[in-house]
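Here the structure is laid out as structure tokens; the discussion comes afterwards.
The values are calculated or read from the model by the stated rules, or taken from the named source; none is laboratory data. As the structure is a computational prediction, the values presented were derived from the model and not from experiment. Note: ideal-geometry Cβ built from the backbone for every residue, glycine included; neighbour counts use all protein chains shown. Note: accessible area is taken over every heavy atom of the protein model, side chains too, but ligands, DNA and RNA are not part of it. Shrake-Rupley method; radii C 1.70, N 1.55, O 1.52, S 1.80 Å.
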Amino acid sequence: MTKRSTSVAGQVLLLQLAVIAVVVFAGGVLTVLNERSNSDEATSREVVAVAVSIANEPSTPMAIASDDPTAILQPETERIRKITGVDFIVVMAPDRTRFTHTTVDLIGKPFSGNIDDALRGETITETYVGSLGPSIRSVTPVTDTSGNIVGLVSAGVTRAKISEQFVRGLPMIFAVVLSGFAVAAVGSILLSRRLRRQTLGMAPAELRTMYGHHDAVLHSIGEGLVVFGDGESAELVNDEARRLLDLEDGPVTRASLPESMQSMDTGIVRGELHLTDSRVLFVNQDPVMWEGTRLGQVLSIRDRTELQNIMGELDSVRSFAESLRSQAHESANRLHTVITMVELGRSEEAVEFATADLELSQHLIDRLMASVQEPALAALLLGKMSQAAEQGVELTVTEDTALGPVGVLTPRELVTVVGNLIDNAIDASKESEQPWVEVTVRDSDEVLIVRVADSGPGMSPEKLRAAMTRGYSTKADSRGLGLALVTQIVNRHRGEMTSEVTYGSVLLARIPAGDRS
């Protein structure tokens, strides 16, 4: 089994921890060195201040000039030493003879250290190994009222004491360094977890491979894909989706989608049909999940326009077949009636019955063929009348119906519009006690009008709006595409469809005539 490479998040975490460790601990070392340097500088300033303050006291040159300087200066310098915390304060003569010292045995002995610059009137500091060991000391001159140097004062702190003070401060420095590393490490871990979620825990090689496959699939797949994340803008839109949805190049938001797709549920969607101005789309939607967290959703879109057209033609053929069946059934009943009347010896009544029925049917056919010069529509209307009669619905074609030989719609479009409107009207009219449907198809040089009225309850503006995007039907098993397909054709020819409730529920489609050539 091939060992999986460390994920991008894991590699970034390890690199961050390594860099943080180097930076934090290097900073800690520099802080320690800087603290040590600052400690030396602070000690130098302290011993200079002590030595200068003692040298500037008026009593100091007077004590040096007295018969017993030690008796006067030793108690005072020891008191000051204890208050200031320095390790020694030495008052000496210009010839190095000590008048005071922390170690009493060294009083009267020569001072060890450099005093040449101090004898020239300067205050000096140095690190020197004296009687108490290595120390940072200062030496400053003591002058009388005439400005003559009558003695020197030296104050110092041993290196041992400085180191002891420095070591006492190290735990705080180490605590700050470790705290800084801990905080940075926690931040790196949180950042790594976020990066891991965003990269789905994949290694760089896996991401490169996935991207290559992903890009190839997106450009070769024959299905539209739109992927949304948490925001309103799509994170991915392939070429087929832009073609099917008529989307322009650039960012795509939910508002860019067809109206019916903007209000889709956010959960799993299977096989929803949505219409654009020119296409019938089959849409699926699945949430994108990772470790129980919803990252977004992906829409897959397939074009079913051709299939829907074939199904529409099949529905038309089926409708014609049903009409023929109804007419055959009705003709068989009438023929059986005529034969029975002849057998009963009532020939004259049989002839009268047959002639009246034939005249009625022929009159209807002649009227439709004269007023409707599109054979497909005339056949459709005759078939729908027989089909409606079989279902107990009275379907009439108004006297003002008139359609020329060259129309704004193709025969297929005309059959789709009129047929779907009549089918929906027949279904809706059955809710009334005396169901009826009235059809008007009339064109002029300016507009084609298709009006279908029925005795049903009618549609509210909300239902009509839904019908114009997703369809509407009173049949429970219907996918509800009838009115949507009608709207698609009407919109394609820049027409409009309205609904009103007057003498019945009326749906009116108005399509500008345009160029009929």
- If a residue has to be under 13 Å from Thr396 (Cα atoms) and at pLDDT below 80 to count, how many in region 362-381 make the cut? 4
- Any idea which residue in region 165-180 is modelled with the lowest pLDDT, counting only those that are surrounded by 13 or more Cβ atoms within 10 Å (Cβ to Cβ) and among the small types (Gly, Ala, Ser)? Gly169
- Query: Among Ala49, Ala71, Ala63, Ala55, which is the only one that is open to solvent by 40 Å² or more (accessible area, probe 1.4 Å) and in contact with a strand residue (DSSP E or B) (Cβ under 9 Å, 6 or more places away or on another chain)?
  - Reply: Ala49
- The lone condition Thr100 fails out of (1) closer than 22 Å to Glu41 by Cβ; (2) not in a strand (DSSP E or B) is (1)
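Residue-wise test of (1) in a helix (DSSP H, G or I); (2) at pLDDT below 80; (3) under 16 Å from the mean Cα position of the chain (by Cα).
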| residue | (1), (2), (3) |
| --- | --- |
| Met210 | yes, yes, no |
| Val217 | yes, yes, no |
| Asp230 | no, yes, yes |
| Leu236 | no, no, yes |
| Ala241 | yes, no, no |
| Leu244 | yes, no, no |
| Pro251 | no, no, yes |
| Met261 | yes, yes, no |
| Thr266 | no, yes, yes |
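Output yes when any residue across region 6-29 is under 55 Å from the mean Cα position of the chain (by Cα), in a loop (DSSP other than H, G, I, E, B), modelled with pLDDT under 80 and crowded, with 16+ Cβ neighbours inside 10 Å, and no when none is. Working first, answer last.
Within region 6-29, the subset under 55 Å from the mean Cα position of the chain (by Cα) is 6-29.
This time we only want the ones that are in a loop (DSSP other than H, G, I, E, B), so: 6-7.
Those still in the list that are modelled with pLDDT under 80 too: 6-7.
So of that shortlist, the ones also crowded, with 16+ Cβ neighbours inside 10 Å come out as 7.
Looking for residues that are under 55 Å from the mean Cα position of the chain (by Cα), in a loop (DSSP other than H, G, I, E, B), modelled with pLDDT under 80 and crowded, with 16+ Cβ neighbours inside 10 Å, one finds at least one in region 6-29, hence yes.
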- Message: Kindly evaluate Ile162 against the criterion of being among the aliphatic types (A, V, I, L, M) and modelled with pLDDT under 90.
- Response: yes
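Among the residues of region 55-69, which ones are under 15 Å from Ser154 (Cα atoms) and without any contact (Cβ under 8 Å) to a residue 60 or more places away in the chain?
Residues of region 55-69 under 15 Å from Ser154 (Cα atoms): 55-57, 60-61, 64.
Within region 55-69, Asn56, Glu57 qualify.
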- Item | Residues (open to solvent by 70 Å² or more (accessible area, probe 1.4 Å), hydrophobic (A, V, I, L, M, F, W, C) and part of a strand (DSSP E or B)) located in region 103-132 | Val129
- Count of region 239-285 residues which are touching a Ser or Thr at 6+ places or on another chain (Cβ under 8 Å) and small (Gly, Ala, Ser): 2
- Looking across region 223-241 at residues that are out of contact with any strand residue (DSSP E or B) (no Cβ under 6 Å at 6 or more places or on another chain) and open to solvent by 50 Å² or more (accessible area, probe 1.4 Å), the single one that is farthest from Ser300 (Cα to Cα) is Asp230
- Item | Residues within region 389-412 that are at pLDDT 85 or above and over 18 Å from Asp445 (Cα atoms), tallied | 9
- Report yes if some residue within region 110-128 is on the phi > 0 side of the Ramachandran plot and in contact with a helix residue (DSSP H, G or I) (Cβ under 8 Å, 6 or more places away or on another chain); otherwise report no. no
- Note on the structure: Of the residues in region 475-499, those that are open to solvent by 60 Å² or more (accessible area, probe 1.4 Å), at pLDDT below 85 and not basic (Lys, Arg) come to Ala476, Asp477, Asn491
